[in-house]
Amino acid sequence: MSTQTASENSQLRFDFIPAREVVMRPSAGQLTSDAGLLAIRQFDERTGWTAGFAACLGDQRDAAVHSVCSMIRQRVYGILAGYEDCNDHDALRDDPVFKMVAGRLPEDAPLASQPTLSRLENAVTIAELLKMIDLTVQQGVQQVKRKHGGTLPRRVTIDLDSTDDPTHGQQHLTFFHGFYDQHQYLPMIVSEPTTKHVFIAWLRHGTAGAALGADDDINRVSQAFQRVDPSVRLHVRGDRGIGGPTLYELCEKDGHTYTFGMATNPKLKGWAHALEKRAQKAYAATGQKQRLFAVYTYRACRWNRSRTVVAKAECSREGANLRFIVTNLPVKNAQQAQKTYDDYVQRGESEHRMDELKNGLSAGRLSCHRFRANFLRLLIHTLAFNMLNALRDDGRVPEELRVARPETLRTKLIKVAARVVQTTRRIIIELSECWPFWPLLERVGCRALGAARLRAASP
């Protein structure tokens, strides 16, 4: 078979069905494999997220053919459909659905090419990146408000975590990290557990300390909430790499609560020795996993005062496991200690969000040479994640979609083969009646369209 682009006269023959000749050939019609993007684009129209994101970017071009908003939508919807690389858009620029989600008609001129999109990425400034981060934080505040029936809770939990982002080649500010044994970036991710919204995705150099910039991130999120409701305070969770006296003091000064992981040391291990022995003895007697908790008042040499430390002694068939966290929550007894620790371990869900962002939506593919261009890519991937997540969390969406991973949503909702017909008055999207997930698309698309019509009809 020729490796050249298929023409109308090209065809392939298959002979594994004896009763009929099987012929495959390209169609002269407008076809797409990603018709489900239209439902997400309708949702985006209602929320205005991509338009707001694009508005953060300046445009100094003269007589530009492709608007910034159109190009941002190309990248966002390409990521949602599994085309994570800029190069993919050379093949997608004639796709009728991609033209529609970018704001054009199916028979209009092609969309922006890879070089044009790359120029957009490389032209971004630090000021524009900061605007996009602030917008993402504001969108998160509104998501939390919507989640709680239009009123912000008095205390909002945020999870801070860093993640490795492997790099290749001579990319700006990529360094070798001994712990991860690779050249990399080390982004900081700040998310909220009830909405799963990523408030901040901050790209950092490859050898950045785990806590670098965490104080600024906390302040940025706190101020955004307090501009809406001055009474709101945060509950901050992070692992032992992020926690430290600087963050403890910041949270205490601003009225935030916190729980951070804490490294063991001989003094704490000595205090918890009896607790660990009790757990081991109980496991030996019952054969059942044991979890015992205790609370201590502790002051490390670098701390400005004493703080509450919760110890967990666990014993199971895997052996003994001793862990500590530090908190400024009121913890008076073992029962409260267990509740505090169990709340802390819920931050493990943030790792699932990072996995969805990095792997489900390919945010780990930061292949530009310039650091700022890669920063923009990370924010574009984050926007795609937050849009998909907001759709999952929307009350109009079927229950089976609300817990689906990005890969599942892509298969069931986005990857829909269709024929696109443009007439004088209408654009018709024809789907196969054999497509098994039509009810899902029907419910998502029709409900989003209904909401948009109501908004358009309102004064």
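Each value in this text was obtained by applying a stated rule to the coordinates, not by laboratory testing. Small disclaimer: the values here were computed from a predicted structure and weren't measured. FYI the Cβ positions are ideal-geometry reconstructions off the backbone, even for glycines, and counts take in every protein chain you see.
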Item checked: the stretch 168-279: C-alpha gyration tensor shape, a/c 1.5 cut-off, then a/b vs b/c -> oblate
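Can you sort Thr297, Thr264, Thr163 from fewest to most other Cβ atoms within 10 Å of each residue's own Cβ?
Fewest-to-most Cβ neighbours within 10 Å comes out as Thr297, Thr264, Thr163.
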Item checked: Residue order, fewest to most surrounding Cβ atoms within 10 angstrom, among Phe98, Phe199, Phe175 -> Phe175, Phe98, Phe199
Notebook entry, point to check: Any idea how far the Cα center of the stretch 246-273 sits from the one of the stretch 143-212, in Å?
Noted result: 21
Notebook entry, point to check: Quick one: Lys99, Lys267, fewest Cβ neighbours within 10 Å first, how do they rank?
Noted result: Lys267, Lys99
Notebook entry, point to check: In nm, what is the difference between 0.36 nm times the number of residues separating Glu349 and Lys415 and their Cα-Cα distance?
Noted result: 21.0 nm
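Among the listed pairs Lys312/Lys332; Lys277/Lys339; Lys196/Lys312, which are separated by more than 24 Å between their Cα atoms?
Lys196/Lys312
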Notebook entry, point to check: In whole angstrom, how far apart do the alpha carbon centroids of the stretch 288-332 and the stretch 357-395 sit?
Noted result: 36
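Compute the FRET efficiency between Arg104 and Asp134 as 1/(1 + (r/R0)^6), taking r as their Cβ-Cβ distance and R0 = 35 Å, and round to the nearest 0.05.
After rounding to 0.05, the efficiency reads 0.75.
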Checklist line | Loop-resident sites, the stretch 306-410, for GluC sites (Glu not before Pro), counting at most 15 other Cβ within 10 Å (DSSP) | finding: Glu318
Margin query: Which of rounded, prolate or oblate describes the chain when judged by the alpha-carbon gyration tensor and an a/c cut-off of 1.5?
Written below: prolate
